[in-house]
Amino acid sequence: MVAADADRRSTERDLHDGVHQLFVALAVNLQLLTRALDSDPGAATRVLDEMSRDVQRGLDETVLLGHRIYPAMLETGGLAALLRSAAVDAGVTASVEVAASRDHPPEVAMTVYLCWLATLARARWDTRVTISVREHEDVLAFDVIAIAAGTDTDFDRVRERVEALGGQLTITTGRDGRTRAAGLLPRPS
């Protein structure tokens with residue numbers, strides 16, 4: 001429950017600080033554009049160019065927020081496709097192995113996905129990041145490894161989500177900077 005509340009607060013903050021601020025800027029630029037249309041066509045063109053960039057940024061941020069809430073690819077392509085897509089978007093070289101044969105409940109798949117995103121966000125761009133997902137009886141196990149910056153506390157929200165589902169997450173960092181996030185999630189019957 002704590003993790004879900006933290007996710008909601010994070011999404012609300014991102015909406016306010018990102019998309020909302022872009023709409024405020026667009027409203028201001030519309031006023032500037034209205035004033036500049038007759039008196040300074042060159043300024044009007046510059047304002048239109050800036051507004052076009054702001055609209056595109058707003059669209060991009062909205063798509064990213066939607067992915068954090070519930071990525072459509074999870075339903076259409078499954079967990080493996082979602083994990084691969086996130087690695088491509090992050091611009092890192094990744095190895096994704098999903099050896100689980102059954103569909104994953106959305107809350108389980110999203111927890112694995114959010115751990116992957118947390119790792120990708122801290123991974124060095126020049127390193128290979130790996131994730132493996134496997135089934136063991138009634139448990140879904142996942143293992144994420146990367147050379148990453150940051151601290152183990154960067155995984156606190158993921159750990160809360162894992163524990164809320166009755167699972168466990170262990171984070172270890174070696175002397176070589178390699179961070180490993182190993183998780184176990186019970187699969188509902």
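The values are calculated or read from the model by the stated rules, or taken from the named source; none is laboratory data. Note that the structure is predicted; figures quoted are calculated from it, not measured. No Cβ is skipped: glycine too gets one built from the backbone with ideal geometry, and neighbour counts run over all protein chains shown.
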- prompt: Is the stretch 160-173 home to any residue that is in the same structural domain as residue 83 (by TED's automatic domain parsing), farther than 21 Å from residue 186 by Cα and not in a helix (DSSP H, G or I)?
  reply: yes
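Name the residue, out of 90, 99, 25, that is surrounded by 12 or more Cβ atoms within 10 Å (Cβ to Cβ), at pLDDT 80 or above and under 29 Å from residue 126 (Cα atoms). Explain how you work it out, then say what you get.
Numbers: 99 fails: surrounded by 12 or more Cβ atoms within 10 Å (Cβ to Cβ); 25 fails: under 29 Å from residue 126 (Cα atoms).
Result of the check over 90, 99, 25: 90.
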field: Candidates 127, 111, filtered to the one that is touching a residue at least 60 places away in the same chain (Cβ under 8 Å) and either surrounded by fewer than 21 Cβ atoms within 10 Å (Cβ to Cβ) or under 20 Å from residue 76 (Cα atoms) (or both)
entry: 111
- prompt: If we keep just the residues of the stretch 42-57 that are aliphatic (A, V, I, L, M) and more than 10 Å from residue 22 (Cα to Cα), which is surrounded by the most Cβ atoms within 10 Å (Cβ to Cβ)?
  reply: 47
- prompt: Just checking, how many residues over the stretch 159-170 are under 15 Å from residue 141 (Cβ atoms) and either surrounded by 16 or more Cβ atoms within 10 Å (Cβ to Cβ) or touching a Pro at 6+ places or on another chain (Cβ under 6 Å) (or both)?
  reply: 5
message: What pairs come out if I take residues in the stretch 22-37 that are more than 11 Å from residue 52 (Cα to Cα) and pair them with residues that are aliphatic (A, V, I, L, M) and surrounded by 13 or more Cβ atoms within 10 Å (Cβ to Cβ) whose C-beta lies under 6 Å away, six or more apart or interchain?
response: 32/47; 33/44; 33/47; 36/43; 36/44; 37/44
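Of the residues 117, 165, 185, 169, which is within 24 Å of residue 89 (Cβ to Cβ) and over 19 Å from the mean Cα position of the chain (by Cα)?
Only one candidate qualifies: 185.
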